[in-house]
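Structure first, then comments.
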Amino acid sequence: MSDTASPNTTETHTFQTEAKQLLKLMIHSLYSNREIFLRELISNASDAIDKLRFKSIEAPDLLGEDAEFHIDITFDKEAKTLVLADNGIGMSREEVITNLGTIAKSGTAEFLTNLTGDQAKDAQLIGQFGVGFYSAFMVADVVEVRTLAAGGDQGVLWRSSGEDAYELEEVELTQRGTSVTLYLQEDALDFADDFRLRNVVRKYSDHIDVPVRMLKQAEANPQDNADDEAVIDQVEAAEFEPVNSAQALWTRSRSEVSDDEYKEFYKHVSHDFEDPLSWSHNRVEGKLEYSSLLYLPKRAPFDMYNREVPRGLKLYVQRVFILDDAEQFLPLYLRFVKGVLDSNDLPLNVSREILQDDERVTSIRNALTKRVLNLLDTMAKKSPEDYQTFWNEFGEVLKEGAGEDFANREALAKLMRFASSKSDGSAKTVSLDAYLERKVAEQEAIYYICSETYETAKRSPHLEMFKAKDVEVLLMFDRIDEWLMSMLTEYTGVQFIDVMRGDVTLPGEAKDEQDDADKKEEEDSAANEHPLVARIADVLGDKVDSVRPSKRLTDSPACLVLADYAMGVQMRRIMEASGQAMPDSKPIFEFNITHPLLERLDQEPDEDRFAELVGVLFDQASLAEGGALTDPGAYVERLNRLLLELLDAQ
Ligand code: ADP
């Protein structure tokens with residue numbers, strides 16, 4: 001490529017702040033493995049070729065005489081340069097500015113403010129940004145990009161030293177595509193070496209289905225020749241040869257592909273810098289024919305809950321790249337899955353609109369969903385540690401599936417992991433199967449509690465009787481859990497029971513009730529006739545639905561119980577936060593007859609003092625649920641008054 005730059009047309013642009021920060025961070029954090037810059041540049045070149053290949057199906061003229069795609073790498077030891085040139089789609093001036101001057105991902109600024117400052121950790125996160133191109137600055141002092149868009153007529157030169165700014169110039173270019181020139185740093189001169197480059201290309205980019213070419217060895221070092229004229233002639237006549245095997249990886253059979261190749265391919269399709277956690281590669285023949293290669297990442301992207309973020313697979317039709325982010329082939333709750341789908345049945349001119357309601361798409365989607373769930377199930381059995389990593393990162397998203405994918409609800413429930421009253425700490429490690437295996441005699445339900453944090457769940461007064469009877473309770477405290485449990489009513493025929501709701505029955509009790517219903521009724525009415533019921537109800541008035549003695553409590557004096565169909569605390573918070581006015585739902589106030597405080601209260605003749613104490617018990621019960629007091633000031637005043645009385649009495 002040639003260019004004639006006119007200094008008059010040079011413009012200087014500053015990088016977007018985020019781009020600048022990321023660039024700096026990346027250069028520092030990935031430095032120890034800087035040969036990957038080559039993988040990133042080849043990956044970009046290959047994407048650019050894929051895009052043009054697709055566009056040219058409808059507009060073959062775009063290719064002109066230059067119809068054989070390739071990526072060429074050349075270097076010059078003397079000049080200390082390395083050039084990577086592709087004949088892909090190229091970029092217009094505007095595209096250069098948006099693609100190489102800004103980081104388009106929304107949320108980048110927040111992400112950056114959340115960085116830990118721990119370079120090792122931050123380095124693992126930064127791969128999410130598609131900062132691939134900037135990795136060139138790990139080895140180069142200056143990078144120049146010359147590019148001419150397919151069908152365009154104005155070439156552009158972008159030049160930067162990777163600090164604050166970049167320069168743009170209009171240049172004459174005759175060949176479509178992009179060439180990236182790296183002016184190598186003194187300590188990166190080892191990359192101006194034929195042997196080294198070939199190694200790196202084979203190591204990282206063997207699977208790229210476009211030939212990555214280098215000059216044949218004998219001609220690769222023209223600078224050895226003293227005669228300059230001869231050198232130029234020689235380069236022009238030089239022959240390129242492919243260095244990689246240039247076969248699309250997913251078209252090969254599983255047994256031929258090594259784990260390392262799978263991992264490198266993942267990095268190419270996902271733009272992730274880390275290895276994947278696992279993958280599944282399959283070819284399906286029969287009514288529908290397709291190959292799929294699906295990957296599970298190790299780490300959740302920071303913007304997993306932003307629904308606008310592109311997701312989905314790279315779609316190919318008969319090996320031709322069609323679309324990035326084809327989201328129709330997987331349900332939303334599997335949006336973290338990356339990979340490739342290559343269909344033999346879809347038409348080459350397929351568009352997102354056609355994919356929307358195509359029967360073939362639906363059946364591929366169902367099959368791929370099963371594939372991913374099977375992959376997870378196998379991982380859970382065979383590599384529980386990996387599975388735990390997966391669950392910690394993606395569990396909350398997978399839970400969305402309970403509402404989205406009725407057909408797979410049971411399979412999804414099987415994959416879920418929870419914290420439990422019987423395990424140490426807040427780690428979510430208990431499966432429903434494990435729970436059922438250790439249920440106590442006569443236990444006919446899976447008990448759970450939903451709360452806002454692990455601590456409030458773990459210390460909830462509602463668990464006391466369960467602990468006393470050695471019954472395990474699952475502790476749920478993800479934002480999505482209350483919603484999840486409204487979708488999930490049973491697992492393998494066993495009901496879920498929320499221990500915070502209604503008149504909870506403990507194992508063994510339901511049976512008693514049937515055997516001896518009369519006795520039970522008698523007991524119940526006797527309990528309800530407890531003199532405190534009416535007295536407390538009088539004080540609490542319309543703050544509560546009703547007042548009753550508790551079967552749940554052993555240590556705490558009182559607790560609040562939700563009516564069977566009332567909205568839980570978590571859900572209520574979420575709805576309120578989204579600005580929705582919620583109808584008042586009143587709790588049931590349960591008190592512990594055997595607690596010394598209640599025994600004393602029963603003896604309290606002074607009605608004012610009685611009311612004061614009941615008020616404190618009520619507020620404490622809502623605090624224990626992690627609830628917010630409607631009038632915290634009044635609670636504090638009341639408590640202080642009581643403390644003062646206590647001190648005065650001494
Ligand atoms: P990513 O590839 O993850 O999107 P990069 O920073 O590597 O991020 O590249 C940014 C964008 O620049 C690419 O998405 C692409 O649009 C454009 N680009 C980079 N290299 C090339 C190339 N060789 N040809 C055409 N466009 C390119």
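The values are calculated or read from the model by the stated rules, or taken from the named source; none is laboratory data. Just so it is clear, the model here is predicted, and its values are computed rather than measured. Virtual Cβ from ideal backbone geometry, glycine too; neighbours counted across all protein chains shown. Each accessible area value is taken on the protein alone, full model and side chains, heavy atoms only, with ligands, DNA and RNA left out. Shrake-Rupley method; radii C 1.70, N 1.55, O 1.52, S 1.80 Å.
Where helices (runs of 4 or more DSSP H) fall wholly inside segment 374-475, the ranges with 3 or more residues that are open to solvent by less than 20 Å² (accessible area, probe 1.4 Å) and aromatic (Phe, Trp, Tyr) are 384-404.
Going by what's in this entry, would Ser351 be described as open to solvent by less than 50 Å² (accessible area, probe 1.4 Å) and without any contact (Cβ under 8 Å) to a residue 12 or more places away in the chain?
Values: open to solvent by less than 50 Å² (accessible area, probe 1.4 Å): yes; without any contact (Cβ under 8 Å) to a residue 12 or more places away in the chain: yes.
In short, yes.
When restricted to residues that are in a helix (DSSP H, G or I) and within 26 Å of Ala534 (Cα to Cα), segment 611-635 contains 17. Of all residues in segment 33-42, those satisfying the criterion of being assigned to a helix (DSSP H, G or I) and more than 10 Å from the ligand (Cβ to nearest atom) are Asn33, Ile36, Phe37, Leu38, Arg39. Restricting to segment 600-610, count the residues that are open to solvent by less than 40 Å² (accessible area, probe 1.4 Å) and part of a helix (DSSP H, G or I). Matching residues across segment 600-610 total 2.
For the structure I just gave you, tell me whether Glu144 is away from the ligand (no atom under 16 Å from the Cβ) and either open to solvent by 10 Å² or more (accessible area, probe 1.4 Å) or touching a residue at least 40 places away in the same chain (Cβ under 8 Å) (or both). Taking the combined requirement at face value, the residue does not satisfy it.
All told, Phe75 meets the bar of being more than 14 Å from the ligand (Cβ to nearest atom), of a type in the set (Phe, Trp, Tyr) and modelled with pLDDT of 95 or more.
Criterion applied to Gly177, Gly162, Gly151, Gly155 was being assigned by TED's automatic domain parsing to the domain that holds Gln21, within 17 Å of Ile42 (Cβ to Cβ) and either acidic (Asp, Glu) or within 15 Å of the ligand (Cβ to nearest atom) (or both), and the one residue passing it is Gly177. Pairing residues of segment 530-549 that are assigned to a helix (DSSP H, G or I) with residues that are among the acidic types (Asp, Glu), at Cβ distances under 8 Å and at least 6 apart in sequence or on separate chains, gives Pro531/Asp602; Leu532/Asp602. Checked against the criteria, Ala326 counts as closer than 22 Å to Ser43 by Cβ and hydrophobic (A, V, I, L, M, F, W, C). Taking the listed residues Ala367, Ala326, the one that is at negative phi and open to solvent by 10 Å² or more (accessible area, probe 1.4 Å) is Ala367, with no other qualifying. Somewhere in segment 572-588, is a residue open to solvent by 20 Å² or more (accessible area, probe 1.4 Å), free of Cβ contacts under 8 Å to residues at least 40 places away in the same chain, in a helix (DSSP H, G or I) and aliphatic (A, V, I, L, M)? Among the residues of segment 572-588, at least one is open to solvent by 20 Å² or more (accessible area, probe 1.4 Å), free of Cβ contacts under 8 Å to residues at least 40 places away in the same chain, in a helix (DSSP H, G or I) and aliphatic (A, V, I, L, M), which makes the answer yes.
Within segment 243-289, the set of residues being over 22 Å from Phe133 (Cα atoms) and in contact (Cβ under 8 Å) with a residue 60 or more places away in the chain comprises Ala248, Trp250, Thr251, Leu277, Ser278, Trp279, Ser280, Asn282, Val284, Leu288.
Could you please let me know if Ala45 is assigned to a helix (DSSP H, G or I), within 21 Å of Glu241 (Cα to Cα), within 12 Å of the ligand (Cβ to nearest atom) and open to solvent by less than 50 Å² (accessible area, probe 1.4 Å)? Against the criterion (assigned to a helix (DSSP H, G or I), within 21 Å of Glu241 (Cα to Cα), within 12 Å of the ligand (Cβ to nearest atom) and open to solvent by less than 50 Å² (accessible area, probe 1.4 Å)), Ala45 qualifies.
Please determine, by comparing only the residues of segment 173-182 that are buried (at least 17 other Cβ atoms within 10 Å of the Cβ) and out of contact with any helix residue (DSSP H, G or I) (no Cβ under 9 Å at 6 or more places or on another chain), which one is nearest to Arg213 (Cα to Cα). Give the steps one after another, and end with the answer.
Residues of segment 173-182 buried (at least 17 other Cβ atoms within 10 Å of the Cβ): 173, 176-182.
In the following step, the residues that additionally are out of contact with any helix residue (DSSP H, G or I) (no Cβ under 9 Å at 6 or more places or on another chain) were identified as 173, 179, 181.
Values: Leu173: 21, Ser179: 14, Thr181: 16 Å.
Among those that are buried (at least 17 other Cβ atoms within 10 Å of the Cβ) and out of contact with any helix residue (DSSP H, G or I) (no Cβ under 9 Å at 6 or more places or on another chain), it is Ser179.
Quick check on segment 119-132. Is at least one of its residues at pLDDT 85 or above, within 26 Å of Phe54 (Cβ to Cβ) and near the ligand (Cβ under 8 Å from one of its atoms)?
Start the filter on segment 119-132 by keeping residues that are at pLDDT 85 or above, which leaves none.
No, every residue in segment 119-132 fails to be at pLDDT 85 or above, within 26 Å of Phe54 (Cβ to Cβ) and near the ligand (Cβ under 8 Å from one of its atoms).
Which one of Ala628, Ala624, Ala649, Ala634 is farther than 26 Å from Glu452 by Cβ and out of contact with any His (no Cβ under 8 Å at 6 or more places or on another chain)? Walk me through how you get there before you give the answer.
Values: Ala628 fails: farther than 26 Å from Glu452 by Cβ; Ala624 fails: farther than 26 Å from Glu452 by Cβ; Ala634 fails: farther than 26 Å from Glu452 by Cβ.
On inspection, the qualifying residue turns out to be Ala649.
Checking every residue in segment 627-639 against the condition of being open to solvent by less than 80 Å² (accessible area, probe 1.4 Å) and touching a residue at least 40 places away in the same chain (Cβ under 8 Å) gives at least one match.
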